[in-house]
Amino acid sequence: MSDANGPLDNPADLFDRRPRYGARDGVLLSDGTQSDPLRITLESPDDFDDWRDAARKLVAAGVSPMSVVWTVVGGDADLFGGAAPAAAAAASFSVPRQFVDLAKAAICHSDPERFALLYALLWRLRSNRQALEDRADPLVNRVEKLAKEVRRDAHKMHAFVRFREVSGDEGGRFVAFFEPDHHIVRREAGFFVRRFANMRWSILTPELSIHWDGTTLSEGPGATRADAPEGDPLEETWKTYYASIFNPARLKKKAMLKEMPKKYWRNMPETSLVAPLIAGARARELEMIERSGAQDGMAEALASERRLEPGSNLRAAWEALLAEARQCTRCDLYKCGTQTVFGEGPLDARILFVGEQPGDQEDLAGRPFIGPAGQLFDASLQAAGIDRAQTYVTNAVKHFKFEARGKRRIHSKPDAGEIEACRWWQEQERGLIKPSLTVALGATAARSLTGKTVTISRAREAPLVLADGSECWVTVHPSFLLRIPEADRKAAERARFVEDLKRIRTRAAELAD
Ligand code: URA
């Protein structure tokens, strides 16, 4: 037996540590009778419901994990092919919700032992409801690792599926080919339905294909790359977009390869740009510094970024945090956004701005404050004499929450639970950067920073003190300014916002002295 960590010396250790009821070549039932080994055959490799039904019956019949062999259809035995314990009447027991979530993810792993490992864990929970709390336990650890790898694969699918438009009798359809590592396609279908509700699309994978016609999701057999269309005009859009967001100053070839494994490159038009972009990175970086000659801050920011690398512990810690945040599933918002939008800016920034949550454009680009609110924010910073490139900008909530209305994705406010779930990231970012001054842009940010409901009009007057003793200045969110309909009120509020920012600039300078 082996897993992603390599061979295990003693696989049995992963199963229940209490005395065995029997060996895999025979089943000793709890009533003392002996039966043939049980072979459980599931309908499909990701079939949680089927596994749960079988597992419930096995537990009820007192069949120990070591007495069961799990297979997927294609094997030669039926469910309960040996002595059938299904009718055994035993008290049912409930499992913690956490186990169900864990099992639903882990069951999609390609490790053939996943069903057995989950059953062993379920068996343990029967007598110890707290079993999952023991993070050092090898079985808990292994199952969590499976679930984590599945979530990571899902994240890659969200990020790397590239649709190409094809025309047909029934109109246009977007088709993508993707090769997941695990059995995640059914599990992730909902993400693509929500994300592309108004498009007709198909995702082809070697194991199965899924199709959405705007109302119904259907499944078909697996496909090969040759079944998916090659290049089309959409590719050009992608390439242009990718080239424009490529920041040579941040080039980290190893990290890039880690995040975008070569295996996916063939499916992604922008990867044809990777080699030339890498080759021209240094030249583009210098050009960027030169072009920004008037904005000294930009050159300084690039320099300051480099000051903290390579090999800087701080940068390594921030990158590890970023990698972790990209896989965040702390609340359900990861299911609807395209990606985690993490904070950005130099890690020695003195001012750290916290917004609410990424909007539509931020969600697609993966960067905070680049849409309409971001543009107003930039202009206001400039008017106040603050160079954004010297500040760190992040959001209280790192995923875009929206309601689909026709083709549009309409911003929807994060609730208290979502703010709380995401607060951890903001605290980690602040813990690493240690700004002298944090600015809450609006009520969501203020709540995330203080843990309380804050009334902006009152809190705007004077800084709050955060738990770490540092100052937090509260002001309005730029979107608030965008929403004001009357031109003169809009101008007045905008001027007030700029005044707030000026005070913040002065105070940050005082704190730095
Ligand atoms: N609004 C925010 O709060 N953050 C963004 O990144 C964009 C808009």
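Taking other C-beta atoms within 10 Å as the exposure proxy, LYS104, LYS407 rank LYS407, LYS104 from fewest upward. Put a dot 7 Å past the Cα of ARG56, heading toward its Cβ, do the same for ASP332, and the two dots end up 2.2 nm apart. Spin-label model, SER412 to GLU499: label points 7 Å out along the Cα-to-beta-carbon direction sit 3.8 nm apart. For ASP134, no residue 5 or more places off, or on another chain, has a built amide H under 5 Å of its own.
The distance from the alpha carbon centre of the range 480-496 to that of the range 336-360 is 24 Å, rounded to a whole number. With contacts taken as Cα pairs under 8 Å at a separation of at least 6 residues, the range 295-512 carries a relative contact order of 22 percent.
Were the residues from ILE484 through ASP513 laid out at 0.36 nm apart, the gain over their Cα-Cα distance would be 6.7 nm. Each of VAL465, VAL454 has some number of other Cβ atoms within 10 Å of its Cβ, and from fewest to most they run VAL465, VAL454. Per residue, the average separation of C-alpha pairs within less than 8 Å and at least 6 apart gives the range 101-207 a relative contact order of 27 percent.
Counting every other Cβ atom within 10 Å of each residue's Cβ, TYR334, TYR392 order from fewest to most as TYR334, TYR392.
Modelled label positions at THR506 and ALA316, each set 7 Å beyond Cα in the direction of Cβ, lie 4.3 nm from each other.
We did not get these values from a lab; they are worked out from the coordinates using the rules stated. Note that this is a predicted model, so its numbers are computed, not measured. As a convention, Cβ positions derive from the backbone with ideal geometry for all residues, glycine included, and neighbour counts pool all protein chains shown.
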